[in-house]
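Remarks on the structure that follows.
The values are calculated or read from the model by the stated rules, or taken from the named source; none is laboratory data. This structure is a prediction, so every number in the text was calculated from the model and none was measured. Note that each Cβ is placed from the backbone with ideal geometry, even for glycine, and that neighbours are counted across all protein chains shown.
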């Protein structure tokens, strides 16, 4: 099977399954990152959230795209808890919000559709977390990735190429947090001592984009 040109509800279900498996594989690494400047539980909390979402897929997959994303996001908010639950849950509920207002009933989502959905999620996350680029948060990976998707639309790139580029930008953004002073969460109390460590939330965002990009490129694997 070749790379995808659109994303369907079934694709979203399969992406969540892959995210669950990938976060499971990376949970120790993510928690190790968080141990340096945070509570040390980020990876395991993320895994719990995606496990809960995964276990509800049988029920959620019968719903509309908007409801699938919304209910999945609420599972993350409820299960992960705290600030991480709020922002990673909003990654899904924000997309749901855009879909239900502008795309309700549409079954084949284009690059432009998905980009607009993710941009709404970005807007809501920034508002919810009161965070901006340079604050050493997931925004430092998410905003460059979304901007790169918009660039992909302008360049008339395929869905696969656009997401591949976006995943690279997310990776660069996550790595860039190593040089930043943390301005949110427990790590903000460290001040300059937070420099030298990658933000776990930004790396989680990078992993999410890489997983989506890999699925779009090779959905059958």
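A few comments on the model shown:
- Residue that is surrounded by the fewest Cβ atoms within 10 Å (Cβ to Cβ) [pool: residues in the stretch 29-44 that are in contact with a helix residue (DSSP H, G or I) (Cβ under 6 Å, 6 or more places away or on another chain) and either at pLDDT 90 or above or in a helix (DSSP H, G or I) (or both)]: 44
- Residue within the stretch 180-203 that is over 20 Å from residue 216 (Cα atoms), modelled with pLDDT of 85 or more, over 14 Å from the mean Cα position of the chain (by Cα) and exposed (fewer than 15 other Cβ atoms within 10 Å of the Cβ) present: no
- Filter pass, residue 2 being more than 17 Å from the chain's Cα centre (by Cα), within 30 Å of residue 103 (Cβ to Cβ) and modelled with pLDDT under 95: yes
- Pair list, Cβ under 6 Å, 6 or more apart: the stretch 28-48 residue within 24 Å of residue 17 (Cα to Cα), other residue modelled with pLDDT under 85 and assigned to a helix (DSSP H, G or I): 42/34
- Meets criteria (surrounded by fewer than 20 Cβ atoms within 10 Å (Cβ to Cβ) and closer than 28 Å to residue 25 by Cα) for residue 127: no
- Some residue of the stretch 75-90 being more than 27 Å from residue 195 (Cα to Cα) and either surrounded by fewer than 16 Cβ atoms within 10 Å (Cβ to Cβ) or modelled with pLDDT under 95 (or both): yes
- Meets criteria (farther than 20 Å from residue 8 by Cα and in contact with a helix residue (DSSP H, G or I) (Cβ under 9 Å, 6 or more places away or on another chain)) for residue 114: no
- Residues located in the stretch 144-155, provided they are more than 18 Å from the chain's Cα centre (by Cα) and farther than 12 Å from residue 110 by Cβ: 151, 154, 155
- Residue under evaluation residue 62, criteria (1) assigned to a helix (DSSP H, G or I); (2) out of contact with any strand residue (DSSP E or B) (no Cβ under 8 Å at 6 or more places or on another chain), criterion not met: (1)
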